[in-house]
Each structure stands twice: as C-alpha cells, then as structure tokens.
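Student: Provided herewith is a single structure, encoded as structure tokens, for subsequent inquiry.
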Amino acid sequence: MKYALFPNPLTNGGNQYRAITQISGSKDLEAVIDRMILLGSTITEADIRAVLTEAIRAVESLLIDGNRVNMGGLVQLWPGITGSFDGKNDAFDSARHRVSLHASAGRRLLKTMREKSDPARIDGMPPAPLVFDFIDDGSGTLNQQITPGDIGSIVGSKLKFNPDSPDEGLFFINTADNSETRLAQIKRNLPKELIFRIPPDLPLGQTYRIEVRARMRGSDQLRTGELEAVLTT
C-alpha cells in the first residue's frame, strides 16, 4: 500500500503533513475471482463465480427487506432514505425521496489491514478526484450505459466541486469529437457521491468519457479525475 505526504491545510502553519493513499487501481468481481484462484482456492472458477453471484443476490434481498448485513467482518451494509419529509405523517415519495445505502468496513477487514499492510511512502501526485463507478438508473447497469433524461450517480473519492465555478463540475465528453457537456442538474454533490439528472438531449448511439473537475481544498489548481470505462448512450 503506497502513500504520499502532502501539507495539511487544517493545521496553522508549521511542518505538518498528512498521508494520502495512492490508489493502485479499481478492481471488479473478476479480479476477486482471479485473486481467489491465485491464493490457491480448490474451487473451480465457474463455481466461485456462481457462489459470489448468488451471495450478491442474497445480500440485495436482505437489504431490500430492511436488514443490516454483516458480510463476515468484511463490510457492513444497511439501507437508508434521504430527503426531507413534511411533518411526521408524510410518506415516502420517489419524486422527493431516495432510497440510499450505507456501508462501513467490518472489524475483521480493519484488523487484517492494520496487521498485514506494509505502507510505503512515495512521491505521489497531488490529490485529485477519483472516479470509481458510474451507475445508470435507467438501464440498471454499472459502467456501461447512459440513459438520457434519467438519473445517474458516480461513486469515488474527492468528487465534490464548486458548482459556481464554470470550469469545475461533471463533464460528459463525446469520444467522436471531444465535445463536452457540463451537467447542470446535480442533485447531490458530495466527496464520495454525485447524483445527477442526465441531459435528455444527449444523442443516442454515441460513446462518452466522464470527467470530474474540481479544486482541492487549499489549492487553486484544477484537478481532473476520469472514469476508466467508456459509456454508450
């Protein structure tokens, strides 16, 4: 695990720095399966994929039923609801409220990371937005499709930007001509999550890259983070 040191803007002068981990990459379920085989699993690749797929379906079902799920000390997941309610007798309205999901690292995972990680300091790049995944509500896909006019969300790190700064924000970039569309209807602008309405006038049959551009706290320099996947309308 690599980390780099950067000045700590929360301290008043002095020689105080903070460590920021340098993410090596983004891995999916296939990478988990490959690592299980590399670590000596005696189960076949097909069986591993089937079991993990069914485990994910079971977790989804438990969460939909309103349960808190502890995945063997790996991670804890629990459902939530966002949005304001007009009085104690108000009811859930999908136009004003949204089902959300909360997660926190489990004790086993934290214990393993603390005991077995070997942090190594490197000269890292300055902090920038990290874009991990794009979720398209219209198609229910991950890092694949864009549904114009529907709701999309991005998860990552250091995503929050200043909406009043025209060069900051969430941008869809057409790969054919590099034309940019800056998204205006941002419903949630948080460091780890962006929720937004996808422009309804995006032409179909086009491919897009996604970039998040923002200035990090204490810096005047614009930083850019990009989703690895290319998406199709």
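The values are calculated or read from the model by the stated rules, or taken from the named source; none is laboratory data. The structure displayed is predicted, hence computed values, not measured ones. No Cβ is skipped: glycine too gets one built from the backbone with ideal geometry, and neighbour counts run over all protein chains shown. Protein only, heavy atoms only, side chains kept; ligands, DNA and RNA dropped before computing areas. Shrake-Rupley method; radii C 1.70, N 1.55, O 1.52, S 1.80 Å.
Student: Might you check whether a residue that is outside any loop (DSSP other than H, G, I, E, B) and open to solvent by 70 Å² or more (accessible area, probe 1.4 Å) occurs anywhere in the stretch 142-151?
Tutor: For the stretch 142-151, residues outside any loop (DSSP other than H, G, I, E, B) and open to solvent by 70 Å² or more (accessible area, probe 1.4 Å): present.
Student: I want to confirm something. Restricting to the stretch 211-233 and keeping residues that are among the charged types (D, E, K, R) and part of a loop (DSSP other than H, G, I, E, B), which single residue is modelled with the highest pLDDT?
Tutor: Applying the filter and picking the extreme gives E228.
Student: Okay, next question. When you scan the stretch 170-210, how many residues do you find that are of a type in the set (D, E), part of a loop (DSSP other than H, G, I, E, B) and either open to solvent by less than 60 Å² (accessible area, probe 1.4 Å) or free of Cβ contacts under 8 Å to residues at least 24 places away in the same chain (or both)?
Tutor: Counting residues in the stretch 170-210 that are of a type in the set (D, E), part of a loop (DSSP other than H, G, I, E, B) and either open to solvent by less than 60 Å² (accessible area, probe 1.4 Å) or free of Cβ contacts under 8 Å to residues at least 24 places away in the same chain (or both) gives 1.
Student: Within the stretch 1-14, track down each residue that is aliphatic (A, V, I, L, M), open to solvent by 70 Å² or more (accessible area, probe 1.4 Å) and in contact (Cβ under 8 Å) with a residue 24 or more places away in the chain.
Tutor: Those that are aliphatic (A, V, I, L, M), open to solvent by 70 Å² or more (accessible area, probe 1.4 Å) and in contact (Cβ under 8 Å) with a residue 24 or more places away in the chain: M1, L5.
Condition check ((1) within 19 Å of the chain's Cα centre (by Cα); (2) more than 23 Å from V69 (Cα to Cα)) across all residues:
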| position | (1), (2) |
| --- | --- |
| S104 | yes, no |
| A128 | yes, yes |
| V131 | yes, yes |
| P148 | no, yes |
| S157 | yes, yes |
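Student: Any chance you could count how many residues in the stretch 15-46 are loosely packed, with under 12 Cβ neighbours inside 10 Å, among the acidic types (D, E) and either outside any loop (DSSP other than H, G, I, E, B) or more than 22 Å from the chain's Cα centre (by Cα) (or both)?
Tutor: Qualifying residue count, the stretch 15-46: 1.
Student: Being surrounded by 15 or more Cβ atoms within 10 Å (Cβ to Cβ), part of a loop (DSSP other than H, G, I, E, B) and at pLDDT below 90, is that true of even one residue in the stretch 117-126?
Tutor: yes
Student: Hey, another quick one. For the stretch 158-188, give me the residue count where each residue is within 15 Å of I210 (Cβ to Cβ), touching a Phe, Trp or Tyr at 6+ places or on another chain (Cβ under 8 Å) and polar (S, T, N, Q).
Tutor: Here the count works out to 3.
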